[in-house]
Amino acid sequence: MTQLSILLAQSVTGAVLTIVGLLIVAAIIGYLSAWFYAKSVYTPIIKGLEAEKDDLQKQVAGLKEDIRKLNEKIESLNLSIAGLEKDLSERDKLIIEKDRQINELKNPKK
């Protein structure tokens, strides 16, 4: 009977080790299968999104350049407006002076 119990103990230990080994192999196969599947499915999507991101970054750079040019144009127009306002102010003063002179000629002081 001792030989039988030794044989059973050895076979149970061997079976447990075999089952644990097979479970580990199955886990590795499952992990690798999922990794390759995800890579094959999501790689084209990621590449498409990266290309779209690059296009958007180029558009942003172009828009920033447009903004810079528009700001320069605004600054130039503001300088022109300031010059025109100065001219208008000088002309207003000149008109007021001419009106005063006309009034003096129409109504000379006695």
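The values are calculated or read from the model by the stated rules, or taken from the named source; none is laboratory data. Quick caveat: nothing in here was measured; it's all calculated off a predicted structure. Note that each Cβ is placed from the backbone with ideal geometry, even for glycine, and that neighbours are counted across all protein chains shown.
Every test in (1) more than 17 Å from the chain's Cα centre (by Cα); (2) of a type outside the set (Gly, Ala, Ser); (3) surrounded by 10 or more Cβ atoms within 10 Å (Cβ to Cβ) is passed by Ile45 save one, and that test is (3).
Conditions tested, residue by residue: (1) surrounded by 10 or more Cβ atoms within 10 Å (Cβ to Cβ); (2) among the aliphatic types (A, V, I, L, M); (3) outside any helix (DSSP H, G or I); (4) at pLDDT 85 or above.
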site	(1), (2), (3), (4)
Val12	yes, yes, no, no
Val16	yes, yes, no, no
Ala26	yes, yes, no, yes
Leu32	yes, yes, no, yes
Trp35	yes, no, no, yes
